[in-house]
Amino acid sequence: MKPLKIGIVYDNTTRSKRKKSAALLSKEDVSRESIVEVANKVQEVLAGDKHETTMLPIEYPLRTFVRQLEASKVDLIFNLCEAVAEASSLEACVAGLFELLGQPYTGSNPLTLALTLSKPRTKALLESQQIRTPKFTVAYSSDFRMRDDLAFPLIVKPANEDASIGISLDSVVDNEQDLRKQVGSVTRKYRQPALVEEYIEGRELNICVVGNGEPCVLPLSEIDFSGMPGDMRRIVTYNGKWQLDSVEYTATVPVCPAKVPEGLAREMSEIAFAAYRMTGCRDYARVDFRLRDDRTPYVLEVNANPDLSPDAGVARSARAHGWEYDKLVRKIVEFALERNGSDLLVPQEAYGN
């Protein structure tokens, strides 16, 4: 069976090459830089399996990228794009380009990527299907009108960002003055609405779902906040994800599999599965939860095409499931090929495991 020709697409544009649609701090470029590292790791796995790989960074002018993509004549795109010119809102457009060109690719489609990037729209969809999610409202400026049933503490986030961009220890507020100050900061800095959400005190867990026809729910993972200083809110901040020398990073330790009672784990897995299907996720996704009083799960958000770093959540849950990183990458390729009815599927025995 002939090897596949796989193109690896990732974002490699910077704000100097295009006017940004969101004002990001320079330190927040760290999450973008990590995409290049993931692309290299995926390429290493695929090349090791004798596939012919082509690296296809998205750079300006875009017509050059399109010509390179067409000239590559790849069988499949491994889509790692999370933004264009650091604008997360353009992630869905790249998948749309693949659709227009009739190019098979891994991960979710444009509609799902756009939907799940919008925290308010995802939460509204979850609510419509009676899936618990924290109460919320959308604020377009600091003088917004509060919902009568929203009670402090609240958490303020950019409405349309991922990778915890815009979330800091200041994001949780306990009074109206701090709330309006934080909303004003988010709307000015990120040039988008703010999500004002009920803050759920409790454990934070996530569940990864992989596959399509018969999706598989991977073992639960938890962010252990026990190392956080007593005066810090138990939340996953941008620093907690990306700034290795920060207290938030060193004090938030992922634990997988998480210790959760069997009945509760089953309930959360069913919710994650429903959210995956409801939002149209494909191949792989992560559903984030907060657990109130150790027994009531609330969905925070659904992450289509989440981070595939070897030390990130999907890879961690896959290892707990028995899949090392190489196998996870292979499975994502297989899921995408199965969706496209490809006759290029490589049987498991070809990999020797």
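Any read-out appearing in this document is the output of simple, stated calculations on the displayed coordinates, not a laboratory observation. As the structure is a computational prediction, the values presented were derived from the model and not from experiment. In this analysis, Cβ positions are derived from the backbone assuming ideal geometry, glycine residues included, and neighbour counts consider all displayed protein chains.
Of all DSSP bridge pairs formed entirely within the stretch 170-316, close to 100 percent run antiparallel. Electrostatic bookkeeping for residue 108 treats Lys and Arg as +1 and Asp and Glu as -1; over the other residues with beta carbon under 9 Å from its beta carbon, the sum is 0. GNM remark for the chain: springs join alpha carbons under 10 Å apart, and the peak mean-square fluctuation among 189, 259, 41 falls on 259.
For residue 300, the amide hydrogen comes within under 5 Å of the amide hydrogens of 288, 289, 290, counting only partners 5 or more places away or on other chains and with H modelled in the peptide plane. So what does log10 I(q)/I(0) come out to for the stretch 219-300 at q = 0.19 Å⁻¹, using the Debye formula with one equal point on every Cα and no solvent? Those come out to -0.94, one per q.
Between rounded, prolate and oblate, where does the stretch 96-180 land on the alpha carbon gyration tensor, with a ≥ b ≥ c its root eigenvalues, rounded for a/c under 1.5, else prolate if a/b exceeds b/c? Taking the square roots of the gyration eigenvalues as a ≥ b ≥ c, the stretch 96-180 is prolate. Shape of the stretch 157-239 from its Cα gyration tensor (a ≥ b ≥ c, root eigenvalues): rounded if a/c is under 1.5, otherwise prolate when a/b > b/c, or oblate? Verdict is oblate for the stretch 157-239. Checking the Cα-Cα distances for 5/327; 41/189; 50/73; 119/259; 135/181; 73/331 against a 25 Å cut-off, the pairs over it are 41/189; 119/259. With the simple spin-label model, which puts each label point 7 Å out from Cα in the Cβ direction, the residue 340 to residue 37 separation comes to 2.9 nm. The length gained on full extension between residue 140 and residue 262, counted as 0.36 nm times the residue separation minus their Cα-Cα distance, comes to 39.8 nm. Quick one: what does P(r) look like for the chain with 10 Å bins over all Cα pairs, in whole %? Histogram of Cα-Cα distances, whole percents per bin: 5, 25, 35, 24, 9, 2, 0. Could you work out which residue, out of 40, 175, 305, moves most in a Gaussian network model of the chain, that is, has the largest mean-square fluctuation with Cα springs under 10 Å? Result for the chain, Cα springs under 10 Å: 175 fluctuates most.
Applying a DSSP loop filter and a limit of 16 other Cβ atoms within 10 Å to the trypsin sites (Lys or Arg not before Pro) in the stretch 65-121 leaves 73. Calculate, for residue 66 and residue 5, the FRET efficiency according to 1/(1 + (r/R0)^6) with r their C-beta to C-beta distance and R0 25 Å; round to the nearest 0.05. After rounding to 0.05, the efficiency reads 0.90.
The distance from the alpha carbon centre of the stretch 60-100 to that of the stretch 160-208 is 30 Å, rounded to a whole number.
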